[in-house]
1. Please enumerate the residues belonging to the stretch 215-235 that are over 30 Å from the mean Cα position of the chain (by Cα) and assigned to a strand (DSSP E or B).
2. Residues of the stretch 250-264 being within 10 Å of the ligand (Cβ to nearest atom) and either part of a loop (DSSP other than H, G, I, E, B) or open to solvent by 60 Å² or more (accessible area, probe 1.4 Å) (or both), which ones?
3. Give the residue that is most open to solvent (accessible area, probe 1.4 Å), with candidates limited to residues of the stretch 307-326 that are away from the ligand (no atom under 16 Å from the Cβ) and hydrophobic (A, V, I, L, M, F, W, C).
4. Need at least 1 residues that are closer than 30 Å to residue 335 by Cα per element, so show me which helices (runs of 4 or more DSSP H) inside the stretch 1-120 make the cut, counting only ones lying wholly within it.
5. Sort out which residues of the stretch 265-323 are part of a strand (DSSP E or B) and among the acidic types (Asp, Glu), and write them in order of number.
6. Residues in the stretch 134-143: is at least one acidic (Asp, Glu), within 28 Å of the chain's Cα centre (by Cα), surrounded by 13 or more Cβ atoms within 10 Å (Cβ to Cβ) and more than 30 Å from residue 321 (Cβ to Cβ)?
7. Search the stretch 167-184 for residues being within 13 Å of the ligand (Cβ to nearest atom) and more than 23 Å from the chain's Cα centre (by Cα), and hand back the single one that is most open to solvent (accessible area, probe 1.4 Å).
8. For the stretch 240-249, give me each residue that is in contact with a Lys or Arg (Cβ under 7 Å, 6 or more places away or on another chain) and within 15 Å of the ligand (Cβ to nearest atom).
Amino acid sequence: MKILVEAERIKKEFYTILEKADTPQKLENVRVLFLGRKGKITKRLRSISEYPLHERKKIGEVLNRRKEECERAIEKKKKEMEGRVVDKRKFDIFLPGEEIEFGCIHPITGVLLEIEEIFTSIGFEVAFGPEIEDEWHNFTALNIPEEHPARDMHDTFYIDSKNKILLRTHTSPVQIREMLKRKPPFAIISPGKCYRRDALDASHSPCFHQLEGLWIDENISFAHLKGILEGFCKRFFGENVIVRFRPSYFPFTEPSCELDVSCSRCSGRGCPSCGGKGYLEILGAGRVHPNVFKNVGYEEKWTGFAFGMGIERIAMLKYGINDIRIFYENHLKFLRSFR
Ligand code: 2NL
């Protein structure tokens, strides 16, 4: 058959031209010339219907084989060319290597990890939960009444106010979810991002970090709370720190307190760094309110305490930072100072 003789000729022509193609562009030109839409082989393949039925199968077979052979030859040559680019590189093993830039842990992450280490070393487990929450887990279950200002549109980011879907304003909903999931006794901490509708200034950020803790067992008293939290402060701030508990109020704890530590500069005497007070507030805590236990369906025999701290605030105290915004601005000079 004439077309098969022709296919042989095209094959020879292909290899002659391919031999001379010495750049990726020329290689592409060869591909178009033979295998492109109007290429020599493609055109032949398209004209198959002009041949008698009994010859079509054989012609199709031969042409398709040629086509695949050419494709493979081009692909092989392409690979060789790419290889040659690498070969051209000259290596001098005595030159210094490329400098690798090491990152470092962000101070907020660092403080979170340090606090997690202290609590996990005494048996607390770490729990995580969603940042997008519903009003029940974020407010209702925590005994925060319907008319509480924290629920206001001006204080909370509602994603869907009709369905009461919001960005969590604290990590307490994680503890609620864990209480529903687990059977006491257990001790957990929940670190993570929280959101409040605050304008960014030196001491507020609409997104910040919190770490909460919760210990539930029978006969947990305020003494357990004091012992655990004082022990934490001594490990975090140093053995010489003086701890002070002040009465306070939270809807989800009763009784409630706030914990202050003595200023590291003046050891409680009062200096410009602590605003003359001698002490700095670092966390809030209390015995879990009976209504919270009721809301998660716990029997009356269970008792517990909970606490919560703002991580930015603690990191600011630890590193002597006076503007919260520096944590989020990604100045390399600031970030590298924590290497
Ligand atoms: C603060 C105070 C606090 C809690 C958080 C809590 C969680 C459950 C039940 C009871 Cl599920 N309480 N959390 C308790 C007291 C204080 O945070 O000033 N945080 C920055």
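The values are calculated or read from the model by the stated rules, or taken from the named source; none is laboratory data. Note that the coordinates shown come from a computational prediction; the quantities given were computed from them, not determined experimentally. Because the Cβ atoms are built from the backbone with ideal geometry, glycine has one as well, and the counts that use them run over all protein chains shown. What goes into the accessible areas is simple: the full protein's heavy atoms, side chains included, and nothing from ligands, DNA or RNA. Shrake-Rupley method; radii C 1.70, N 1.55, O 1.52, S 1.80 Å.
1. If the condition is that a residue be over 30 Å from the mean Cα position of the chain (by Cα) and assigned to a strand (DSSP E or B), then 217, 218 are the ones that fit.
2. Keep residues of the stretch 250-264 that are within 10 Å of the ligand (Cβ to nearest atom), which gives 250-254, 256-259.
Residues satisfying the conditions are 251, 252, 254.
3. 326
4. Working: elements: 2-20, 24-35, 40-46, 53-88, 107-120.
The qualifying helices (runs of 4 or more DSSP H) are 107-120.
5. Taking the stretch 265-323 as the starting set, the residues that turn out to be part of a strand (DSSP E or B) are 279-288, 302-310.
Of everything in the stretch 265-323, just one residue is part of a strand (DSSP E or B) and among the acidic types (Asp, Glu), namely 281.
6. Of the residues in the stretch 134-143, the ones acidic (Asp, Glu) are 134-135.
Now restrict to residues that are within 28 Å of the chain's Cα centre (by Cα): 134-135.
Still in the list and also surrounded by 13 or more Cβ atoms within 10 Å (Cβ to Cβ): 134-135.
This time we only want the ones that are more than 30 Å from residue 321 (Cβ to Cβ), so: 134-135.
Yes - at least one qualifying residue is present in the stretch 134-143.
7. Within the stretch 167-184, the first condition is being within 13 Å of the ligand (Cβ to nearest atom), and the residues that meet it are 168-182, 184.
Then drop every residue that is not more than 23 Å from the chain's Cα centre (by Cα), which leaves 179-182, 184.
Details: 179: 6, 180: 89, 181: 148, 182: 63, 184: 20 Å².
Per the criteria, the residue is 181.
8. 245
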